[in-house]
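Heads up, the thing below is written out as structure tokens.
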Amino acid sequence: MNKQIVKSALINKEYIVNEHPSGLKIMLYPMKGFSSNYAIFGTKYGAVDNAYVNEKGETVNLPEGIAHFLEHKLFESEDGDAFAKYAKTGAYSNAYTSFDRTCYLFSCSNRFYDNLKILLDFVRSPYFTEATVNKEQGIIGQEIRMYDDMPGWVVMFNMLAGIFHNHPVKIDIAGTVESIAKITYNTLYDCYNRFYDLSNMFIALAGDFNTDEVLDFIYNNLKLPENPVKDSSSVFPNEPKGVKEHFVSCKLDVAKPLFCLGFKGENAAETPNEMQIVSMEILLKMLAGSASPLYKELLQSSLVNEEFSFEYFNGRGFAVPIFEGESDNPQRVMELILSKAQEYREKGLDERLFEAVRRELYGRSIRRFDVAESVVSMLTDATVLGYDLFKYFEAITTVTPADVAEQLSVFLAENAVLSVVNPASDKEA
Amino acid sequence: MKYVNIANGVKGLFIENNRFSTTHISVNLYLPLKNETIAVNALLPYVLSSCCKEYPDFSALNLRLSELYGADVGGIADKIGDTQLLKFFSFCVEDDAIPEAVPVAEQACDLLFSMIFEPSTKNGSFLDADVERERRLTLEKIEGIINDKRAYAISRITKEMYKDEAFGQLKTGSYDAVAATTGKSLFAAWQEVISTAEIVIQVIGKKLPDGLFNRLAEKLQGFERRVAEIKTATPKKPNATVNRIEEKMDVSQGKLVMGFCTDVVGGDKETAFLAVFADLFGGGPYSKLFKNVREKYSLCYYCAARPNRSKGFMLVDCGVEPKNAERAEAEILNQLEDIKKGDLTAEDLAASIRSLKDSLICLNDSQAALDNWYSMRISDDPVSPEDYISIIEKVTIEDVIKAAGLYTLDTVYKIMPLAKSRESEGEN
């Protein structure tokens, strides 16, 4: 068993990595003295993996929402559902599907090995039938309806639809009522066999445990496939440069217009590395964070409220900086962001502000090691995106204003997409 | 673990926990929840934490917090039964977790005290610009509740159920009362709050910062303390006939919330059996509502029961296809009736207790969760999550059946779609 210890002298932390012969990546982060354990068994398969090329060389397009549907259905095995099994141990269990991954998780304060066994078993035991697929269509149908009524969700996906011509990140994770109606138990098995191959999967655990024991336990209890696929690749359609639409809007029952402003740079359809992520996170805080001059201006002129936020929306194969919020004048918010970026390009970055937000990012990131769930989430992010977690911290200490300034080029009007959800009551006006 | 008496109506609680690289400090002010003061009091934490005498400009304050490695220093308002809670907190990495020798934790704590006790004021008034900014933010928060239909439905049913009481109001108070707040009224409220609140300072971390409790006592010396009595909440008498409200909105999914009342309120010992019942009824995936309303009948994606310990009620809410709303309501009531009739197994109860225990133990791994746990309990002796486990372990099937029988359906609130369909504009 090749047990590798990954260490960071900088932040004085370490974890264990092991690659199982099947290709499964196992990461164990010991947290001495903690009460709870947190575990994820995940696969690098999400809503973006919506097409693949089969052995005959044909492109197979999948129904939108199938990764999420599969996640729901994997909870049911032939011998009962996983929730019922966890009910016997008291663990909290759940699963989620995002753009680029599907993760099955539990957190518990006791019976850790029983819970780990349940997780290892059910994720490796697909059981799909016509009846169980039909039943799920009703539940997921209600989940989709719920998202349809969530303006924050709608405004974000409308923005993505404006940014990308073809890139599958614009597909709604849960699909549509129509697309999930096309899912059969056969397509679920096809997707499972391809994308849940162990070589495409990972396990991340954090908690107070003995790493040798845990590793032995996983090796002894992991069900291996009879015919490993070893090809879990998906294909993304070619994404042209330039945005699809600069402005997208719709109406919903909201109090004030909601906006989501995204920028499509040269690397919008690529996976960012540690330094790009750190530089962009610092730049966003410098542009519009709580200590920035722009945020002060936006608040004082009543252009935004506490709903205002920003993030570097990124993952496996996509990277888009976004700003979101509520405003009576989203267009003006966009103009001010653009002009602040222009000012930074012309006059350079304020060094005091740079240093302050760099420290903020460091302090906030280091705090995440205090929570098992956050540790697992950081390990998961690094695995799915293919970067080194500790290098991310090194980047926070070595990043320079010049690195940050390099990211400024994306904030141009020609790269911008503004999505707005207007109040429905205007309809009668 | 015991409270330390610091001054008249001021207590300190230190929860030693060596797991974290941060120290979490909160100053909790408890006041009677009153219609006249809820809004002005609730605005205080937001104005106070946005600036202070030392940093009258909020951007300069935020810059300082960033420089302290992203210290979180802020305030919120909440309601616990008939009590209002104003919480101020400071959450900062400890000095040994950062590369430089800067006493960040101490400086963050200084800022916390400055915010509460040394606000930016002039001539007996908060500054207009600060009040206007925070007032607008609160008003827009109130208006924005409608954006989240689930939260909106819960706020509406609470208002309906407790329309004659301060508890029926939002945590922020009403729109009109917030709008009427001025720099002067806020200043008067600040003086009153600091003088009359019951105060508890909670510290969670490796060690209690030197002299922290004394410093709080010193800060209070300039105020004439006359502490207002904090009482156990009064439960609601259920409506003789169920109050039914339906609102039409431009939505695709309906929302159903059912409000049930009991007359049991009080501490953990008196109410633990209600919490176990509510969990078994509509808590985790092992609950009656999840197993039946969601899994067996595919009626909902979520269907959950949430008890309110301090005010003695329970809300059951779900998102539902409009045509299935009546069926969902009937099925929720059926599940309740089944429990009343004793249609539950020892394993049903065991599953709930196991799950509750597990999550209670996990609270020790989160400073914010522990802080919240203690500050939501107003008592002379702190009840730890472990103490609470020993209480819920004693809950029996008979207790759960009894609990189910104590709840009376009081109000049903629904959001239903408008008849017309939604259109997208598709502009470019």
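The values are calculated or read from the model by the stated rules, or taken from the named source; none is laboratory data. None of the values given here were measured: they were computed from a predicted structure. Note that each Cβ is placed from the backbone with ideal geometry, even for glycine, and that neighbours are counted across all protein chains shown. Heads up: the accessible areas ignore ligands, DNA and RNA and are worked out on the full protein's heavy atoms, side chains in. Shrake-Rupley method; radii C 1.70, N 1.55, O 1.52, S 1.80 Å.
With respect to the conditions (1) open to solvent by 10 Å² or more (accessible area, probe 1.4 Å); (2) away from every other protein chain (no Cβ under 14 Å), A:Lys85 falls short on a single one, namely (2).
Test B:Ile397 against the stated conditions and say whether it is within 30 Å of B:Asp78 (Cα to Cα) and either open to solvent by 20 Å² or more (accessible area, probe 1.4 Å) or hydroxyl-bearing (Ser, Thr, Tyr) (or both).
Working: within 30 Å of B:Asp78 (Cα to Cα): no; either open to solvent by 20 Å² or more (accessible area, probe 1.4 Å) or hydroxyl-bearing (Ser, Thr, Tyr) (or both): yes.
Taking the combined requirement at face value, the residue does not satisfy it.
Among the residues of region B:321-340, at least one is modelled with pLDDT under 95, charged (D, E, K, R) and under 30 Å from the mean Cα position of the chain (by Cα). Of the residues A:Thr380, A:Thr398, the single one that is more than 20 Å from A:Pro321 (Cβ to Cβ), out of contact with any helix residue (DSSP H, G or I) (no Cβ under 7 Å at 6 or more places or on another chain), open to solvent by less than 40 Å² (accessible area, probe 1.4 Å) and at pLDDT 95 or above is A:Thr380.
For A:Ser290, the conditions (1) within 13 Å of chain B (Cβ to nearest Cβ); (2) polar (S, T, N, Q); (3) surrounded by 20 or more Cβ atoms within 10 Å (Cβ to Cβ) are fulfilled apart from (3).
Among the residues making up region B:175-213, those that are out of contact with any helix residue (DSSP H, G or I) (no Cβ under 6 Å at 6 or more places or on another chain) and of a type in the set (S, T, N, Q) are B:Thr182, B:Gln191, B:Ser195, B:Thr196. Only one of the listed residues (B:Lys141, B:Lys79) is open to solvent by 50 Å² or more (accessible area, probe 1.4 Å) and within 28 Å of the chain's Cα centre (by Cα). That residue is B:Lys141. Is there a residue being surrounded by 15 or more Cβ atoms within 10 Å (Cβ to Cβ), part of a helix (DSSP H, G or I) and basic (Lys, Arg) anywhere in region A:344-353? No, region A:344-353 has no match at all. Assigned to a loop (DSSP other than H, G, I, E, B), open to solvent by less than 60 Å² (accessible area, probe 1.4 Å) and farther than 25 Å from B:Ser155 by Cβ - does that describe any residue in region B:413-422? No, region B:413-422 contains no residue that is assigned to a loop (DSSP other than H, G, I, E, B), open to solvent by less than 60 Å² (accessible area, probe 1.4 Å) and farther than 25 Å from B:Ser155 by Cβ.
Considering only region A:102-128, state which residues are hydroxyl-bearing (Ser, Thr, Tyr), open to solvent by less than 40 Å² (accessible area, probe 1.4 Å) and more than 24 Å from A:Ala47 (Cβ to Cβ).
Going residue by residue through region A:102-128, those that are hydroxyl-bearing (Ser, Thr, Tyr) are A:102, A:104, A:107, A:109, A:113, A:125, A:127.
Retained after the next criterion (residues that are open to solvent by less than 40 Å² (accessible area, probe 1.4 Å)): A:102, A:104, A:107, A:109, A:125.
Answer for region A:102-128, where residues must be hydroxyl-bearing (Ser, Thr, Tyr), open to solvent by less than 40 Å² (accessible area, probe 1.4 Å) and more than 24 Å from A:Ala47 (Cβ to Cβ): A:Ser107, A:Ser109.
Over 27 Å from B:Phe117 (Cβ atoms) and among the acidic types (Asp, Glu) - does that describe any residue in region B:182-199? Checked against the condition, which is being over 27 Å from B:Phe117 (Cβ atoms) and among the acidic types (Asp, Glu), region B:182-199 yields no hits at all. The one condition from (1) farther than 21 Å from A:Leu62 by Cα; (2) buried (at least 20 other Cβ atoms within 10 Å of the Cβ); (3) of a type in the set (Lys, Arg) that A:Lys170 does not meet is (1).
Pull up region A:88-104, narrow it to residues that are more than 10 Å from every other protein chain (Cβ to nearest Cβ) and among the small types (Gly, Ala, Ser), then point me to the one that is nearest to A:Val123 (Cα to Cα). First the steps, then the outcome.
Taking region A:88-104 first, the residues more than 10 Å from every other protein chain (Cβ to nearest Cβ) are A:95-104.
Cutting the leftovers down to among the small types (Gly, Ala, Ser) gives us A:95, A:98.
On the way: A:Ala95: 11, A:Ser98: 17 Å.
Restricting to residues being more than 10 Å from every other protein chain (Cβ to nearest Cβ) and among the small types (Gly, Ala, Ser), the top hit is A:Ala95.
A single member of B:Leu299, B:Leu344, B:Leu315 is open to solvent by less than 30 Å² (accessible area, probe 1.4 Å), within 8 Å of chain A (Cβ to nearest Cβ) and not acidic (Asp, Glu), and it is B:Leu299. The single condition from (1) touching a residue at least 24 places away in the same chain (Cβ under 8 Å); (2) under 20 Å from A:Leu408 (Cα atoms); (3) not in a helix (DSSP H, G or I) that A:Met280 fails is (3).
Whether a residue is open to solvent by less than 10 Å² (accessible area, probe 1.4 Å) and away from chain A (no Cβ under 11 Å) was assessed, and B:Asn28 passes this test. Looking across region B:178-206 at every residue that is open to solvent by 40 Å² or more (accessible area, probe 1.4 Å) and farther than 24 Å from B:Met376 by Cα, the one that is nearest to the other protein chains (Cβ to nearest Cβ) is identified as B:Ala179. Would you confirm whether any residue within region A:158-176 is free of Cβ contacts under 8 Å to residues at least 60 places away in the same chain, of a type outside the set (Gly, Ala, Ser) and within 14 Å of chain B (Cβ to nearest Cβ)? Among the residues of region A:158-176, not one is free of Cβ contacts under 8 Å to residues at least 60 places away in the same chain, of a type outside the set (Gly, Ala, Ser) and within 14 Å of chain B (Cβ to nearest Cβ), which makes the answer no.
So in region A:1-22, with the set limited to residues that are more than 14 Å from A:Ala204 (Cβ to Cβ) and among the polar types (S, T, N, Q), which one is most open to solvent (accessible area, probe 1.4 Å)? My answer is A:Asn12.
Consider region A:237-273 and keep the residues that are among the β-branched types (Val, Ile, Thr) and part of a loop (DSSP other than H, G, I, E, B). The one that is nearest to the other protein chains (Cβ to nearest Cβ) is A:Val254. Counting only helices (runs of 4 or more DSSP H) that fall entirely inside region A:67-180 and contain at least 3 residues that are within 29 Å of B:Lys149 (Cα to Cα), the qualifying elements are A:130-148, A:151-163.
Being free of Cβ contacts under 8 Å to residues at least 24 places away in the same chain, more than 10 Å from chain B (Cβ to nearest Cβ) and either surrounded by 15 or more Cβ atoms within 10 Å (Cβ to Cβ) or not basic (Lys, Arg) (or both) is a condition met by at least one residue of region A:327-336. Residues in region A:296-308 that are crowded, with 18+ Cβ neighbours inside 10 Å, at the interface with chain B (Cβ under 7 Å from one of its Cβ atoms) and assigned to a helix (DSSP H, G or I): A:Leu299 only. For B:Phe260, the conditions (1) over 28 Å from B:Asn5 (Cβ atoms); (2) open to solvent by 30 Å² or more (accessible area, probe 1.4 Å); (3) not basic (Lys, Arg) all hold with the exception of (2).
Condition check for B:Glu247 on (1) more than 14 Å from chain A (Cβ to nearest Cβ); (2) over 22 Å from B:Glu398 (Cα atoms); (3) open to solvent by 40 Å² or more (accessible area, probe 1.4 Å); (4) not basic (Lys, Arg): one failure, at (1).
Can you name the helices (runs of 4 or more DSSP H) wholly within region A:355-429 that have at least 2 residues being within 28 Å of B:Ser366 (Cβ to Cβ) and aliphatic (A, V, I, L, M)?
Values: elements: A:372-385, A:389-398, A:401-406.
Fully inside region A:355-429 and qualifying: A:372-385, A:389-398.
In region A:147-157, the qualifying residues are those that are surrounded by 21 or more Cβ atoms within 10 Å (Cβ to Cβ) and at the interface with chain B (Cβ under 8 Å from one of its Cβ atoms), and the one that is modelled with the lowest pLDDT is A:Asp149.
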